[in-house]
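Scroll down for the structure; my scribbles are underneath it.
The values are calculated or read from the model by the stated rules, or taken from the named source; none is laboratory data. If you're wondering where the values come from, they're calculated on a predicted model, not measured in any experiment. Heads up, the Cβs are rebuilt from the backbone with ideal geometry, glycines too, and the neighbour counts pull from every protein chain shown.
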Amino acid sequence: MGLLAERYATLLAGLVEIYIETARPVGSAGLIAFLKLDVSSATVRTALHELEEAGYIVQPHTSAGRVPTDKGYRYYVDHLRAMRLTKPEQTALGKQFATLNREYQHLARSTVKLLSLLSHSVVVSGLPEARETQLAGLSGLLEQTEAESVEAVKEVGTIIDALDEYLNQFEDTSDGPQVFIGEEIPFMNARHTSLVVHDVHPENEQRMTVVLIGPKRMPYQRNVSLLNAVSEILENYEPNE
């Protein structure tokens, strides 16, 4: 399978979204209910088997449902529908950022605090040229299911430690957030973690790289839209707002 036929793509997207929400393997009955399909469980099981054979999903236990593989997440992310915040949401976000920046008087610090509050993820922002970074959201990591795994928490810690050195090695992502899933992270072979990276250019400020760190089952569509929205705020931000 290259470009998936519509029925396979629909099932894969549904499976990923259920797994993001529940952190539990997904079976045919759950998919039928979630997608409101008028087909039999046997039909869905056959399609899931074909997706598994193609490497998009895996069955962790014989009696369990399926979970996405890195390949499955990648297909899902590459075919996400663009989502923008509504105008009222964008306005509220701008006001929230302005409140934080009045408190911190520091764009990078305000950025990581805002994004960590909204995404419940670890957020690092930095000025690659200056090797100066800001960090927030470690407590949010503990709300994620994968945080029950000591290995997953250690992996996030390793990524945070490495970002000081590797922040300036990401390709320019000014055109939009770039997602790195698991082994795609350029400086380590990650098993549990994904990154969403975006370069923003605040007016009259140095380029800032923002990295959102979370489990592979992070809500990609929401996080990408948040980074886009915050980027827009920063590029038009007036400190006296």
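Among the helices (runs of 4 or more DSSP H) contained in the range 1-72, which hold 3 or more residues that are crowded, with 17+ Cβ neighbours inside 10 Å and in contact (Cβ under 8 Å) with a residue 40 or more places away in the chain?
Values: elements: 6-22, 28-35, 41-53.
So the answer is 6-22.
Sub-7 Å Cβ pairs linking a first residue in the range 86-102 that is surrounded by 12 or more Cβ atoms within 10 Å (Cβ to Cβ) to a second residue that is among the basic types (Lys, Arg), at least 6 apart or interchain, are 100/113, ordered by first then second residue. Within the set 163, 135, the sole residue that is outside any strand (DSSP E or B), modelled with pLDDT of 85 or more, of a type in the set (A, V, I, L, M, F, W, C) and closer than 13 Å to residue 213 by Cβ turns out to be 163.
Just one of the listed residues (221, 169) is of a type in the set (S, T, N, Q) and either outside the structural domain of residue 124 (by TED's automatic domain parsing) or over 9 Å from the mean Cα position of the chain (by Cα) (or both), and it is 169. Against the conditions (1) touching an Asp or Glu at 6+ places or on another chain (Cβ under 9 Å); (2) modelled with pLDDT of 85 or more; (3) among the β-branched types (Val, Ile, Thr), residue 173 satisfies every one except (2).
Residue-by-condition table, conditions (1) modelled with pLDDT under 90; (2) more than 11 Å from the chain's Cα centre (by Cα); (3) more than 18 Å from residue 113 (Cα to Cα):
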site: 200; (1), (2), (3): yes, yes, no
site: 212; (1), (2), (3): no, no, no
site: 215; (1), (2), (3): no, no, yes
site: 227; (1), (2), (3): no, no, no
site: 230; (1), (2), (3): no, yes, no
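From the list 151, 155, 129, the lone residue that is assigned to a helix (DSSP H, G or I), out of contact with any Cys (no Cβ under 8 Å at 6 or more places or on another chain) and farther than 22 Å from residue 224 by Cβ is 151.
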